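Student: My questions all concern the structure below.
The values are calculated or read from the model by the stated rules, or taken from the named source; none is laboratory data. Computed from a predicted structure; not experimentally measured. Here the Cβ positions follow ideal geometry from the backbone for every residue, glycine too, while neighbour counts run over all protein chains shown. To get the accessible areas, we keep the full protein, side chains included, count just its heavy atoms, and leave off ligands, DNA and RNA. Shrake-Rupley method; radii C 1.70, N 1.55, O 1.52, S 1.80 Å.
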Number of protein chains: 2
Amino acid sequence: MTALTEDRLDTAFLALADPTRRSLLARLSVGDATVGELAAPFAMSVQAVSKHLTVLEQAGLITRRREAQRRPCSLNREAIGPLVDWLDAFRRRTEEKFARLDEVLARDLSPTTPSPAHPDREE
Amino acid sequence: MTALTEDRLDTAFLALADPTRRSLLARLSVGDATVGELAAPFAMSVQAVSKHLTVLEQAGLITRRREAQRRPCSLNREAIGPLVDWLDAFRRRTEEKFARLDEVLARDLSPTTPSPAHPDREE
DNA sequence: CTCGTATTCAACCGATTGGTTGATCAAAGG
DNA sequence: CCTTTGATCAACCAATCGGTTGAATACGAG
């Protein structure tokens, strides 16, 4: 299920790395909208917004369907989860690492002491 | 703290949007390393890796200190949290929206139901 | 002082990005 | 039919990206 390959991470994070695109996502989180509606608040051409939407679409974050001559976009909300999961897993991994390191340090630095287990941490 | 401005989101997500950089972060999550050590596994010049490290540093994801002629890098693990939070908050917002929409739909499609009185809210 | 090691700085290069404008396509409305 | 509306396609542009090589810097060891 959406295996979240390296390549998908690339495109997804790249898509999120632009304020215009994040703004578009925020707008879409409220509900579907056409390209024109999405472009209206921005001081840039409709074509530029359309390009941003293409980036978001290729990142799997939105989908565009056809409706008469309009092109309504909708948020692909199930695409966000895996990203959170990836980042969160990464964070947890680093924290686990530090927890283990703390153990080692505590044991290592006070061989005689019963080791109150908290040398001190984070700034 | 680390107010996580739009600009910080830009640089942070951009930093994460590259497989080499994610790989560097993964390596650093295991422990500090010098530029040379970090560059060794990659089929690219040390200079290129150094540039990637600069990107990561400016994104606030790592810090480089000086140690003789070496430049050990360490992961800035407290920088990850806010990113997870941002993404997770976004996800939660979209899901809430959908939950509310579900309510509306449920109420709308079954007019006989007592309709638990939800006038609708914000936006 | 000189040499080797670790790293960055500087210039360059091709590909991509984020924007523009103008033309084109598709559908609805006179 | 022709015109308007909504959106994309195509070409172009400057700026940035990800990489290269070569020179400069900083430090430790002879």
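Student: If you go through the range A:74-90 one residue at a time, do you hit one that is open to solvent by 50 Å² or more (accessible area, probe 1.4 Å) and more than 10 Å from chain B (Cβ to nearest Cβ)? Spell out how you get there, then give the answer.
Tutor: First pass over the range A:74-90, keeping only residues open to solvent by 50 Å² or more (accessible area, probe 1.4 Å): A:77-78, A:85-86.
Then drop every residue that is not more than 10 Å from chain B (Cβ to nearest Cβ), which leaves none.
For the range A:74-90, residues open to solvent by 50 Å² or more (accessible area, probe 1.4 Å) and more than 10 Å from chain B (Cβ to nearest Cβ): absent.
Student: Give me the pairs: first residue in the range A:14-43 and within 10 Å of chain B (Cβ to nearest Cβ) and of a type in the set (Val, Ile, Thr), second residue more than 10 Å from DNA strand C (Cβ to nearest atom) and part of a loop (DSSP other than H, G, I, E, B), beta-carbon distance under 9 Å, and six or more apart or on different chains, which are they?
Tutor: If the second residue must be more than 10 Å from DNA strand C (Cβ to nearest atom) and part of a loop (DSSP other than H, G, I, E, B), the pairs left are A:VAL30/B:GLU123.
Student: Condition first: over 20 Å from B:LEU83 (Cβ atoms), open to solvent by less than 70 Å² (accessible area, probe 1.4 Å) and aliphatic (A, V, I, L, M). Now tell me which residues in the range A:45-56 satisfy that.
Tutor: Scanning the range A:45-56 gives A:ALA48, A:VAL49, A:LEU53.
Student: Looking only at the range B:1-39, count how many residues are closer than 19 Å to A:ARG22 by Cβ and either of a type in the set (D, E, K, R) or modelled with pLDDT under 95 (or both).
Tutor: Adding up the residues that qualify gives 9.
Student: May I ask you to list the residues in the range A:1-48 that are part of a helix (DSSP H, G or I) and of a type in the set (Val, Ile, Thr)?
Tutor: Kept after step one, since they are part of a helix (DSSP H, G or I), are these residues of the range A:1-48: A:6-16, A:19-30, A:35-39, A:46-48.
A:THR11, A:THR20, A:VAL30, A:VAL35, A:VAL46 - these are the residues of the range A:1-48 that are part of a helix (DSSP H, G or I) and of a type in the set (Val, Ile, Thr).
Student: Can you tell me which residues in the range B:74-123 are at pLDDT 65 or above and not in a helix (DSSP H, G or I)?
Tutor: B:SER74, B:LEU75, B:ASN76
Student: Separate question: May I ask you to verify whether B:THR34 is under 26 Å from A:GLY81 (Cβ atoms), within 13 Å of DNA strand C (Cβ to nearest atom), out of contact with any Phe, Trp or Tyr (no Cβ under 9 Å at 6 or more places or on another chain) and of a type in the set (Val, Ile, Thr)?
Tutor: no
Student: Residues of the range A:7-30 being more than 9 Å from DNA strand C (Cβ to nearest atom) and exposed (fewer than 14 other Cβ atoms within 10 Å of the Cβ), which ones?
Tutor: A:ASP7, A:ALA26, A:VAL30
Student: If I filter the range B:63-73 down to residues being assigned to a strand (DSSP E or B) and within 15 Å of DNA strand D (Cβ to nearest atom), which single residue comes out as least open to solvent (accessible area, probe 1.4 Å)?
Tutor: Once the filter is applied, the top-ranked residue is B:ARG64.
Student: Is it the case, given these coordinates, that B:PHE42 is under 28 Å from A:ALA79 (Cα atoms) and either surrounded by fewer than 19 Cβ atoms within 10 Å (Cβ to Cβ) or modelled with pLDDT of 95 or more (or both)? Step through it out loud before you land on a result.
Tutor: On the way: under 28 Å from A:ALA79 (Cα atoms): no; either surrounded by fewer than 19 Cβ atoms within 10 Å (Cβ to Cβ) or modelled with pLDDT of 95 or more (or both): yes.
Taking the combined requirement at face value, the residue does not satisfy it.
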